[in-house]
Structures are given as structure tokens and as C-alpha cells.
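Colleague: Before I ask anything, let me first share the structure, which is written out below as C-alpha cells.
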Amino acid sequence: MTKVIFDNNGTLDKYMGDGIMAFFGKPVEYPDHALKACLAAIDMMQRVGEIRGRIRQQTGADLKVRMGINTGRVVVGNMGSKMAFGYTVIGDNVNLAARLEPTNKEYGTSCLISEATFQQVKGRVLVRPIDRIRVK
């Protein structure tokens, strides 16, 4: 999945347990960052589909993937203290993406994008409306 992020010009932020956080459009800006994030998500879902059967056969577990994508202004840079810091993104738009990811469980979906992302990718990525949701 890390290679998929890099292949789509994404920036790997961090590994969080069995999750990966990435962002697109920084430190190098490009106008189609929302599209690249969506294409990375599609590629990840395809790759998981390719290995799902093998994982189930080897472990008995059903491999699932969930993603949340949002587009908007964020604070990006080295965050932390003199003792520990990392290059990351923070802000309400990051939080919305993080809230969309687990919401996939409620809808039986693998990837949810926000309205802001949809406005950037409409006509270039096949999507369907799910619902109007309010995140906490």
C-alpha cells in the first residue's frame, strides 16, 4: 500500500496499527491532488482484492480495507517538540477524513469521499451518493 501511495505522488504520514495515513499535494503542490488520492484508493482496493483469497486461505481472516478521503486546507509541516517531531498534517479537514474511514462500516463500503473531494473529481471518478452524514 505504501508503494501505491508513492506511485500516486502521495506523502506517507504514518503507520497507525493496521492503518496508513497519507496526504496528497504537499510538500510538492499539484492541482489534481484529490484525483490522485482517489486513484490511490482505487488501486489499493484492487490490490487487496487480488490477495484477499490467499490471505483467507492462509489465516482464515477476511482482509478488508476502509478509506476516508477529504479535500481542504490543512496545516502541514514539522509538528512536535525539540525531543520528537514529524512531518504531518493537522486540522479539521484531516479530522473529517479520519471520521469518514470508520463510517464505511455503517454502509458496507470500502471508501468514502467528502463533498469537497467529490467537487474536485466529479466526472473523472465513478462515484455514487451514499447519504448525508454528520461526523462527531
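Colleague: Leaving out ligands and nucleic acids, and using a 1.4 Å probe, what accessible area per residue does segment 70-133 come to in Å²? Don't skip to the end; give the middle numbers.
Modeller: On the way: 4610 Å² over 64 residues.
Normalised by residue count, the accessible surface of segment 70-133 is 72 Å².
Colleague: What percent do you get for the relative contact order of the chain when only Cα pairs under 8 Å and 6+ apart count? Walk me through the numbers before you get to the answer.
Modeller: On the way: 169 pairs, mean separation 27.8, N = 136.
For the chain, the relative contact order is 20 percent.
Colleague: Restricting to lysine pairs 8 or more places apart or on different chains, what number in the chain have Cα atoms under 18 Å apart? All intermediate terms of the calculation are to be shown ahead of the outcome.
Modeller: Working: 3/14; 3/26; 3/36; 14/26; 26/36; 36/122; 64/105; 105/136.
The result is 8.
Colleague: How many percent of the accessible area of the chain is carbon or sulfur, using a 1.4 Å probe? Don't skip to the end; give the middle numbers.
Modeller: Details: 4900 of 9350 Å².
Carbon with sulfur: 52 percent of the solvent-accessible area.
Colleague: Counting heavy atoms of the protein chains only and a 1.4 Å probe, report the per residue accessible area for segment 1-50 as a whole number of Å². Present the calculation step by step, with values, prior to reporting the outcome.
Modeller: Values: 2840 Å² over 50 residues.
Per-residue accessible area for segment 1-50 comes out at 57 Å².
Colleague: Between 77, 25, 53, which gets the highest mean-square fluctuation from a Gaussian network model of the chain, Cα cutoff 10 Å?
Modeller: Comparing 77, 25, 53 in the GNM, the peak value goes to 53.
Colleague: Related question: If you compute Rg and Dmax of the Cα atoms in Å for the structure shown, which of [x] 13.4, 39; [y] 15.5, 47; [z] 16.0, 54 do you land on?
Modeller: Structure-derived value, by its label: [y].
Colleague: GNM on the chain, C-alpha springs below 10 Å: top fluctuator among 24, 85, 118?
Modeller: Checking each option, the largest mean-square fluctuation is seen for 85.
Colleague: Go ahead and set up a Gaussian network model of the chain, Cα springs under 10 Å, then flag whichever of 51, 69, 20 fluctuates most.
Modeller: Among 51, 69, 20, the largest GNM mean-square fluctuation belongs to 51.
The values are calculated or read from the model by the stated rules, or taken from the named source; none is laboratory data. Keep in mind the model is a prediction, meaning the values are calculated, not measured. Only protein heavy atoms, including side chains, enter the accessible area calculation; ligands, DNA and RNA are left aside. Shrake-Rupley method; radii C 1.70, N 1.55, O 1.52, S 1.80 Å.
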